[in-house]
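What follows is a short report on a single structure.
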Amino acid sequence: MQVRPELSCMKCAAFCCRMAGYVSVSRADIRRLAKHLGLTVRAFEEKHIVEKTRKGEKRIKRGYDACQFLKGNRLCGVYEARPKDCRGYVCWDQDDDTVYRFAEFYQHSVARVRRDEAEERRKGER
Ligand code: SF4
């Protein structure tokens with residue numbers, strides 16, 4: 001697996017929560033999320049499980065759908081209770097670099113725009 005230069009998740013548009021594959025939840029994940037949301041396990045599953053595989057795997061996010069817990073400010077709405085799948089994920093050490101390339105392009109583009117804007121401001125102040 002190729003490890004790429006790390007990116008800043010706080011400067012990102014949460015491409016991992018929008019694009020990267022499905023998010024599975026274990027029993028422990030479900031209990032923790034239900035408690036965090038003030039729901040019973042059953043109510044959590046009825047409301048938030050979007051996919052169940054034939055093998056019985058439960059998912060809160062389908063591949064390439066944005067996660068239901070992603071907030072408008074690009075932050076995770078259940079961060080403290082987020083599933084194990086999310087805790088261990090960083091886009092710079094995945095086999096598939098799709099998310100990484102989007103994030104890298106976004107962060108570099110935003111940084112470039114901000115630099116250009118600052119330069120324009122400096123010119124305007126002269
Ligand atoms: S649970 Fe949170 S960290 Fe995990 S995919 Fe959803 S928004 Fe992202």
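The values are calculated or read from the model by the stated rules, or taken from the named source; none is laboratory data. Computed from a predicted structure; not experimentally measured. Don't worry about glycine lacking a Cβ; one is built from the backbone with ideal geometry, like all the others, and counts go over all protein chains shown. SASA here: full protein model, heavy atoms, side chains in, ligands and nucleic acids out. Shrake-Rupley method; radii C 1.70, N 1.55, O 1.52, S 1.80 Å.
With all pairs of different alpha carbon atoms counted, what Kirkwood hydrodynamic radius in Å does the chain show?
Computed over the chain, the radius equals 16.5 Å.
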- Message: Using amide H atoms built in the peptide plane, which far-off residues or other-chain residues are under 5 Å from VAL25 H to H?
- Response: LYS58, ARG59, ILE60
- Query: So for segment 21-88, what are the equivalent ellipsoid semi-axes in whole Å, largest first, each being the square root of 5 times an eigenvalue of the Cα gyration tensor?
  - Reply: 17, 15, 11
- Query: What is the spin-label model distance, in nm, from LYS11 to LYS123 if the labels are put 7 Å beyond Cα along the C-beta direction?
  - Reply: 2.3
- Mind putting a number on the dipole of the chain about its Cα centre? Charges go on the C-beta only, +1 for Lys and Arg and -1 for Asp and Glu, and I need it in Debye to the nearest 20. 480
- Determine the share of the chain's accessible area contributed by carbon and sulfur atoms, expressed in whole percent, with a 1.4 angstrom probe. 51
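Just to confirm a number: summing +1 for Lys and Arg and -1 for Asp and Glu over residues other than GLU119 whose beta-carbon lies under 15 angstrom from that of GLU119, what do you get?
Surrounding charge for GLU119 is +3.
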- Leaving out same-chain residues fewer than 8 places away, which lysines sit with a Cα under 22 Å from that of LYS52? LYS35, LYS61, LYS84
- Task: Sort out for me the Cα centre separation of segment 87-101 from segment 1-72, rounded to whole Å.
- Result: 15
- Item | HN-Hα J in Hz across segment 13-20 - Karplus 6.51, -1.76, 1.60, θ = phi - 60°, x for Gly and Pro | 9, 6, 4, 5, 7, 9, 10, 4
- Karplus-derived HN-Hα couplings along segment 35-48 (A = 6.51, B = -1.76, C = 1.60, θ = phi - 60°), whole Hz, x at Gly and Pro: 4, 4, 9, x, 10, 6, 4, 4, 5, 4, 5, 5, 8, 10
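If r is the Cβ-Cβ distance from THR40 to ASP95 and R0 is 30 Å, what FRET efficiency results, to the nearest 0.05?
Calculated transfer efficiency: 0.20.
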